[in-house]
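The values are calculated or read from the model by the stated rules, or taken from the named source; none is laboratory data. Note that the structure is predicted; figures quoted are calculated from it, not measured. Cβ atoms come from the backbone with ideal geometry, glycine included; neighbour counts cover every protein chain shown. Heavy atoms of the whole protein, side chains included, go into the accessibility calculation; ligands, DNA and RNA do not. Shrake-Rupley method; radii C 1.70, N 1.55, O 1.52, S 1.80 Å.
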Amino acid sequence: MVSSFNNIKDALELGQTELYWRSDHLCRAPFSGFCIDAGGIITLCCMASSDPHNPAGSYYPNGEWPKIQEIENLTEFYNSEQMEYFRRELENKNGSNIDPCKNCFKTEKAGTGSTYKKYTNEQQAMLGFDEDWDLRKSKKQIPIRWLELTTSNICNASCSTCTGFFSSKWNDVYKFFKKNDISSPYTGIPYQESKIVRLNDRDIQKIEKLLPDLSWLMLKGGEPFADKNNFRILKKLFDCNEKCKVTIISNFYKINPDMLKVLKKGKNQLTHVGASIDGIGKEYDWIRSNKFEETVKTLKQYHENVPAPISINVFVSLHNFFSLDKIVEYFIDIPYINCVHLDNVASRIDGNDLTFGLNKIPNNIFKEYLEKYMAKWEKDNLNYQIRHGYPFVMFNSLKKYYDSHTEFGDLKKEFQFIENMNKFRGFNLLDHCKGLKDLYEQTM
């Protein structure tokens with residue numbers, strides 16, 4: 001059985017010919033399911049956040065955010081006009097003109113890749129697209145096959161590239177900044193504490209009703225291993241649905257022994273287990289706030305108890321761009337690590353600024369480093385493929401971004417933020433990252 005498709009033969013085998021013929025303008029996401037964030041708001045996909053700091057507000061046709069707390073039956077909502085609107089617009093080739101879908105079409109047109117293409121072509125294939133297409137055309141109810149779930153913003157890390165919207169641990173940062181009269185260098189406004197948000201028992205019960213029919217479940221955070229609701233959901237899923245594939249994105253700092261037992265039971269369903277690791281040694285400690293040595297111990301513990309392969313997911317930002325080679329070199333020879341993903345990149349091509357974005361790096365410096373990286377990684381992948389049958393370093397997004405990289409934004413604000421975080425962390429990131437220190441000395 002193939003797991004994704006790029007030709008009609010595979011599309012036929014997977015029952016996804018309707019998607020195959022329309023892959024230039026359809027995104028799988030609204031035709032398969034949706035995301036639920038920590039506050040219970042239902043969003044179209046991971047790139048269509050309900051972050052309250054987004055001034056645009058809700059992109060749903062009624063102008064309101066759908067909340068699980070206010071919806072009795074999730075399948076009925078999935079079949080409602082609020083969701084059908086997006087399916088219809090995409091089918092009519094209007095996705096590039098509607099929020100939030102137009103953002104993906106814009107980046108795809110610019111040649112830097114898009115999430116909708118990843119959902120359609122690269123992610124775990126879900127059977128039944130053609131079946132659901134026919135049901136929809138017959139005005140019959142279609143099932144939810146995919147669910148991307150965040151049960152809370154409870155987290156044990158205050159990553160430098162995160163916020164209180166996604167991590168409860170960031171309140172420690174906010175309190176420190178407030179006590180020391182430190183404002184945001186980006187806005188000039190004092191930081192405000194965030195609330196801990198978590199789905200309640202009734203919300204989880206609604207989600208449990210979907211589990212028997214799911215084809216793919218993704219658990220994110222917060223930190224999924226820090227919330228016992230995820231233990232409850234996985235335990236029930238592995239008891240009632242042995243065909244559902246599972247993706248888990250975790251920082252892998254700590255895993256409860258009971259959770260390890262549940263993961264071991266469902267190991268054959270774990271399609272992708274990703275460890276979010278953005279540095280090595282003290283750079284990791286600064287960016288991710290926890291101890292690198294402890295995270296490595298947990299990776300080994302997981303491998304010994306489950307066991308199942310682990311992918312290293314790197315969020316590429318200004319904070320770690322100059323040390324990406326160290327991450328690859330550290331993990332490439334560890335047998336239970338099957339790849340390093342460098343495709344989640346803090347980059348903008350539309351002229352809008354992005355905190356800790358790669359667009360702050362001068363073009364000549366950026367290209368010098370990336371050319372060196374890509375030459376090394378291509379050799380690494382060739383050797384790794386000979387030994388294992390597949391490449392180790394995934395860097396297509398960076399490769400696509402190479403030609404579109406444009407220098408803009410205020411680098412001074414970025415180094416001010418780093419200095420603020422240095423005070424909270426208790427040590428200076430630049431003392432452990434030569435490339436970033438060189439950039440500071442050349443530009444400041």
Need the failing condition index for Gly274 against (1) touching a helix residue (DSSP H, G or I) at 6+ places or on another chain (Cβ under 9 Å); (2) open to solvent by less than 10 Å² (accessible area, probe 1.4 Å), just the number.
(1)
Quickly run through region 13-46 and pick out the residues that are part of a helix (DSSP H, G or I) and at pLDDT 85 or above.
Thr17, Glu18, Leu19, Tyr20, Trp21, Ala29, Pro30, Phe31, Ser32
Answer yes or no: is there a residue in region 255-266 that is assigned to a helix (DSSP H, G or I), modelled with pLDDT of 95 or more, closer than 17 Å to Tyr336 by Cβ and of a type in the set (Lys, Arg).
yes
Residues within region 224-254 that are in a loop (DSSP other than H, G, I, E, B) and either open to solvent by 10 Å² or more (accessible area, probe 1.4 Å) or of a type in the set (S, T, N, Q) (or both), tallied
6
What pairs can you find where one residue is in region 236-265 and over 26 Å from Asn153 (Cβ atoms), the other is not polar (S, T, N, Q), and their Cβ atoms are less than 7 Å apart, with a gap of 6+ or different chains?
Cys240/Leu211; Cys240/Pro212; Asn241/Leu211; Asn241/Pro212; Asn241/Leu214; Lys264/Val306; Lys265/Phe238
What is the one condition in (1) open to solvent by 10 Å² or more (accessible area, probe 1.4 Å); (2) closer than 18 Å to Met421 by Cα; (3) free of Cβ contacts under 8 Å to residues at least 12 places away in the same chain that Lys282 does not satisfy?
(3)
Only listed residue being in contact with a Pro (Cβ under 6 Å, 6 or more places away or on another chain) and in a helix (DSSP H, G or I), chosen from Gln416, Gln442:
Gln416
Only one of Ile327, Ile312, Ile365, Ile334 is surrounded by fewer than 16 Cβ atoms within 10 Å (Cβ to Cβ) and among the hydrophobic types (A, V, I, L, M, F, W, C), namely Ile334
Filter region 130-155 for residues that are basic (Lys, Arg) and either part of a helix (DSSP H, G or I) or surrounded by fewer than 20 Cβ atoms within 10 Å (Cβ to Cβ) (or both) and give the result.
Arg136, Lys137, Lys139, Lys140
Name the residue that is surrounded by the most Cβ atoms within 10 Å (Cβ to Cβ), counting only residues in region 291-309 that are touching a Leu at 6+ places or on another chain (Cβ under 9 Å) and under 11 Å from Val273 (Cβ atoms).
Tyr302
Residue ID - modelled with the lowest pLDDT, chosen from residues in region 207-223 that are among the charged types (D, E, K, R), surrounded by fewer than 19 Cβ atoms within 10 Å (Cβ to Cβ) and not in a loop (DSSP other than H, G, I, E, B):
Asp213
Members of region 238-264 found to be hydrophobic (A, V, I, L, M, F, W, C) and either more than 22 Å from the chain's Cα centre (by Cα) or under 17 Å from Ser276 (Cα atoms) (or both), listed by number
Phe238, Cys240, Val246, Ile248, Ile249, Phe252, Ile255, Leu260, Val262
Inter-residue pairs, beta-carbon under 7 Å, first closer than 15 Å to Lys367 by Cα and in region 385-408, second in a helix (DSSP H, G or I) and of a type in the set (Phe, Trp, Tyr), 6+ apart:
Phe395/Trp377; His405/Phe366
List, please: which pairs have Cβ atoms under 6 Å, are six or more places apart or on different chains, and start with a residue in region 173-197 that is open to solvent by less than 100 Å² (accessible area, probe 1.4 Å) and end with one that is of a type in the set (A, V, I, L, M, F, W, C) and at pLDDT 95 or above?
Val173/Phe424; Phe176/Phe424; Pro185/Phe417; Tyr191/Phe177
Members of region 187-241 found to be under 30 Å from Lys413 (Cα atoms) and among the aromatic types (Phe, Trp, Tyr), listed by number:
Tyr191
Looking at (1) of a type outside the set (Gly, Ala, Ser); (2) open to solvent by 50 Å² or more (accessible area, probe 1.4 Å); (3) at pLDDT below 95, which one does Leu398 not meet, given that it meets all the others?
(2)
Only one of Asn54, Asn94 is open to solvent by 10 Å² or more (accessible area, probe 1.4 Å), of a type outside the set (Phe, Trp, Tyr) and modelled with pLDDT under 90, namely Asn54
State whether one or more residues within region 337-354 are within 14 Å of Gly435 (Cβ to Cβ) and out of contact with any Ser or Thr (no Cβ under 8 Å at 6 or more places or on another chain).
no
Only one of (1) crowded, with 21+ Cβ neighbours inside 10 Å; (2) modelled with pLDDT of 95 or more; (3) in a helix (DSSP H, G or I); (4) of a type outside the set (Asp, Glu) does not apply to Asn359, and that is (2)
Those residues of region 381-395 which are buried (at least 17 other Cβ atoms within 10 Å of the Cβ) and over 25 Å from the mean Cα position of the chain (by Cα) amount to Tyr384
If we keep just the residues of region 401-444 that are aromatic (Phe, Trp, Tyr) and open to solvent by 20 Å² or more (accessible area, probe 1.4 Å), which is modelled with the lowest pLDDT?
Phe408
